[in-house]
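One structure is given below, encoded as structure tokens.
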Amino acid sequence: MARRNTLDGDVFQPLWAAGWQWQWLVVGAVFLGGYFVVEFGELLQGAAVILGGGAIAAVGIRYVDRRFEPLLDAGIDRVESAVLDAVDDAHADATVYTVLTADQRLAFVGPAKAYAVTTLLVGDDAFVVHDDASVSLAHRFFEVGADAHRYEYDTVSEIGYDAGELTVALTDGSEDTYSLSREPVEALADVRARLSAVGT
């Protein structure tokens, strides 16, 4: 079962929300401004409402773009810590690699509303793939499941990445695949070096 926790961050919530909900601000402002114009003939008031809503949306988008990185970094740190807690003590000294996959993109906003987080732990005897975590920037929470896949080096014949998928080929002929947005170059190099050491 996934564990969800609030992601604390130094953000001004009204502007943060405005940045993520900018499209509804614009639609609402156009509707209300148009209502003033059509129903009451108040052209100036209607225009002011429409321009004001657009301005708040623009400021919110800029605010999110300038403030999201520390919150995302904090989310990644919390996910990594939770993943380490979820696996056994044998991986306490493992090297940790994280790959983010953007989810729920929003037009004009730099970051995604949420990110799927895949964590790779490379230890002395085995490596672990944990692909059951996410960080939601828009709603400021992170979620971590307990589904971690452990691979002893002597059970792995090959590991590779192609066309958005990490593939772990096992000595019994089976394969496990994980969707990743980019190639985890350093993690693959680390795992392959350890696989070569086992083979010698």
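Readers should treat all values here as calculations from the given coordinates under stated rules, not as data from a laboratory. Because the structure is predicted, anything quoted here is derived from the model rather than measured. For neighbour counting, all protein chains shown are included, and Cβ atoms are generated from backbone atoms with ideal geometry for every residue, glycine included.
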Reviewing (1) 47, 16, 12; (2) 43, 23, 16; (3) 36, 16, 14, the figure for semi-axes √(5λ) of the Cα gyration tensor in Å actually calculated from this model sits under (1)
Report, in degrees rounded to the nearest 10, the 0 to 90 angle that the Cα long axis of helix 22-40 makes with the longest principal axis of the chain.
10 degrees
Note, ³J(HN,Hα) from phi for region 183-194, Karplus 6.51, -1.76, 1.60, rounded to Hz, x at Gly and Pro
6, x, 4, 5, 5, 4, 4, 5, 5, 5, 5, 6
Taking the Cα-to-Cβ direction at ASP172 and at HIS139 and moving 7 Å from each Cα, how far apart do the two end points lie in nm?
3.7 nm
So how much slack lies between GLN23 and ASP73, counting 0.36 nm per residue of separation and subtracting their Cα-Cα distance, in nm?
15.4 nm
Estimated [θ] at 222 nm from DSSP helical runs (n ≥ 4, -39500 (n - 2.57)) normalised by residues in the chain, nearest 500:
-15000 deg cm²/dmol
What does the charge count near ASP124 come to, summing +1 for each Lys or Arg and -1 for each Asp or Glu among other residues with Cβ under 12 Å from its Cβ?
-3
HN-Hα J couplings of region 52-62 from phi, Karplus 6.51/-1.76/1.60, θ = phi - 60°, integer Hz, Gly and Pro as x?
x, x, x, 5, 4, 4, 5, 5, x, 4, 4
Where does the charge balance sit around LEU32 when Lys and Arg score +1, Asp and Glu -1, over other residues with C-beta under 12 Å from its C-beta?
-2
Can you list the chymotrypsin sites (Phe, Trp or Tyr not before Pro) in region 96-200 that are in a DSSP coil and have 14 or fewer other beta carbons within 10 angstrom?
PHE108
Give a residue-ordered list of calculated ³J(HN,Hα) values for region 114-119 (Karplus: 6.51 cos²θ - 1.76 cosθ + 1.60, θ = phi - 60°; whole Hz; x for Gly, Pro).
8, 10, 7, 10, 10, 10
Between ASP10 and ASP93, how many nm apart are label points set 7 Å from Cα along the C-beta direction?
3.6 nm
